[in-house]
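Structure record follows, encoded as structure tokens.
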Amino acid sequence: MHEKRKSDHIRINLEKDVDFKAITTGLETYRFLPQALPEIDLSQIDTSVDFLGKTLRLPLLISSMTGGTESAYQINRLLAEAAEHHQIAMGVGSQRGALADDDLAYTFHIRDFAPTTVLMANLGAVQLNYGYTPEKCQQAVEMIEGDALILHFNPIQEAVQPEGDTNFAGLLQKIEQVCQRISVPVIAKEVGWGFAEDTVRQLSNAGIAAIDVAGSGGTSWSQVEMYRTQTEIQRRVAATFIDWGIPTAEAILAAKRGTSPNTPIIASGGLRDGLDIAKAIALGATVGGMAGPFLQAADNSYQTILDEIEIIHKELRVAMFGIGVDSIAKLQQTNRLKRV
């Protein structure tokens, strides 16, 4: 069941239109005020950033997508090699299937392909109500020799899934125990509907080390589940939630308000290029995450993934050059991002 679900998710994301219809990331409502006299040398721009104790060459994360099937392993391996090559971060998809079935664990064994860069393990937060202990979470981290554990939050997806896990009662205390007892930082990640400010504050108080806002405007997982449903009733319920959520730009600002100033914020949810990443960082993010563009690239070839990262890097550098900032710290502090 788990393998089929994961295969369905990959296929639907590649073949179907699963984007939001009316809601956007909100990033298009922001523009940079160009600086025609940047007073810096493009070749001297430094896009490196410290993240989870390591240095990334550019503030980019290949967001969690998949795992638990042979095709997912091939995708993860290519993505891990590319992440290592460009020194960017990578999260794996949910490891729940691999923790239940040792035969699937190999689909997450990608540390050999990315020996030095940031790799993040991943489990659904709701699994803490279905028998997952802090020890089990530690197991997920050790499976990939991870630098952090992502706990993902997807109540709407679970609610519209035929086989969804929907008992989200009393989770906060269990999340706090995980934060206290495992050996790596814990990151809270939405899956494409964004965190509100009060939720971010609750999670931060529970010990969450970083927030991945994963706002609305990219992939709508209720749409993905709509394509998987078996009945007209399930299909209609899933379709109703196509424009649920908090746009990514708003979610970044909410995360900034709800956390302490040194808490890393990952901006994801519909980011499509280096200019989007530049805007997200100027709004308060530390790194930008993308999934969709990398899944499409991995479906093509390893070289396509490398090219995609190179393009994003160049776009980010040009955006920084265009407003006259030569470091990520200065981009975070810029006053040249304007609401239009």
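Bear in mind that the values in this text are calculations on the coordinates, not laboratory data. Everything numeric in this text was worked out from a predicted model, so none of it was measured. Note that each Cβ is placed from the backbone with ideal geometry, even for glycine, and that neighbours are counted across all protein chains shown.
Between the DSSP loop rule and a limit of at most 11 other Cβ atoms within 10 Å, which GluC sites (Glu not before Pro) in the range 213-319 are left? Mind dumping the intermediate values first?
On the way: sites: E225, E232, E250, E308, E310, E315; in loops: none.
Nothing satisfies the criteria.
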Practice prompt. May I ask what percent, to the nearest 5, of DSSP beta bridges between residues of the chain are antiparallel?
Written response: 20
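Give the dimensionless ratio obtained when the Cα radius of gyration of the chain is divided by 2.2 N^0.38 Å. Don't skip to the answer; put the middle values down first.
Numbers: Rg = 18.9 Å, N = 340, 2.2 N^0.38 = 20.2 Å.
Relative to the rule-of-thumb radius for its length, the chain sits at 0.94.
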Item to complete: Take the alpha-carbon centre of the range 96-156, take the same for the range 174-210, and report the distance between them in whole Å.
Response: 15
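Pull up the DSSP beta bridges for the range 39-176 and report the antiparallel fraction as a percent, rounded to 5.
Values: 3 of 12 bridges.
Counting only bridges with both partners in the range 39-176, antiparallel ones make up about 25 percent.
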Worksheet entry | Pairs of alpha carbons in the range 60-197 whose separation is greater than 22 Å (percent) | 35
Worksheet item: Considering only DSSP states other than H, G, I, E and B, which trypsin sites (Lys or Arg not before Pro) in the range 180-233 qualify as loop sites with at most 15 other Cβ atoms within 10 Å?
Response: none
Worksheet item: So what's the net charge close to Q139: Lys and Arg +1, Asp and Glu -1, counting the other residues with Cβ under 14 Å from its Cβ?
Response: -2
Discussion item. Just to be sure I understand the model, the point goes 7 Å from the Cα along the line to the Cβ. What's the resulting Q230 to R111 distance in nm?
Written reply: 3.9
Fill in: Virtual paramagnetic centre 7 Å along Cα→Cβ of Q74, amide N under 13 Å, in the range 295-321
298-302
Worksheet item: Using a Gaussian network for the chain with springs between C-alpha atoms less than 10 Å apart, which of these wobbles most: T240, T69, T107?
Response: T240
Practice prompt. Past 28 Å, Cα to Cα, is the threshold; run K16/K54; K189/K279; K16/K256; K21/K136; K16/K330; K4/K189 against it and keep the listed order.
Written response: K16/K54; K16/K256; K21/K136; K16/K330
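Find out how many positive minus negative residues lie around V160, taking Lys and Arg as positive, Asp and Glu as negative, among other residues whose Cβ is under 12 Å from that of V160. The partial results should precede the final answer.
Values: positive: R228, R235, R236; negative: E158, E163, E225.
My count for the surroundings of V160 gives 0.
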Response to the item:
Net charge near P115 (other residues with Cβ under 13 Å of its Cβ; Lys, Arg +1; Asp, Glu -1) is -3
Response to the item:
In degrees rounded to 10, the 0-90 angle between helix 134-144 Cα long axis and the longest Cα principal axis of the chain is 60
Item to complete: Could you tell me, in Å, what Rg and Dmax come out for the Cα atoms of the range 153-308?
Response: 16.6, 47
Worksheet item: Just the Cα atoms of the range 54-111, one point each, no solvent: what log10 I(q)/I(0) does Debye give at q = 0.13, 0.14, 0.26 Å⁻¹?
Response: -0.32, -0.37, -0.98
Discussion item. As a test of the formula, what do you get for the chain when each DSSP H run with n ≥ 4 contributes -39,500 (n - 2.57) and the sum is divided by the residue count, at 222 nm and rounded to the nearest 500 deg cm²/dmol?
Written reply: -13000 deg cm²/dmol
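Full extension from L172 to R31: what is 0.36 nm times the residue separation minus their Cα-Cα distance, to one decimal in nm?
On the way: separation 141, 0.36 × 141 = 50.76 nm, distance 3.73 nm.
Contour length minus Cα-Cα distance gives 47.0 nm.
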Item to complete: In Å³ and rounded to a whole number, note down the convex hull volume per residue for the Cα atoms of the range 18-114.
Response: 164
Worksheet item: What nm value, rounded to one decimal, do you get for the distance between D17 and T133 when each label is placed 7 Å out toward the C-beta?
Response: 4.9
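Nearest 0.05, what FRET efficiency do T240 and T55 give at R0 = 35 Å with Cβ-Cβ as r?
Details: r = 44 Å, r/R0 = 1.26.
About 0.20, to the nearest 0.05.
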Practice prompt. Sticking with the crude label model, points 7 Å out along Cα→Cβ, report the distance from E163 to K330 in nm, one decimal please.
Written response: 5.2
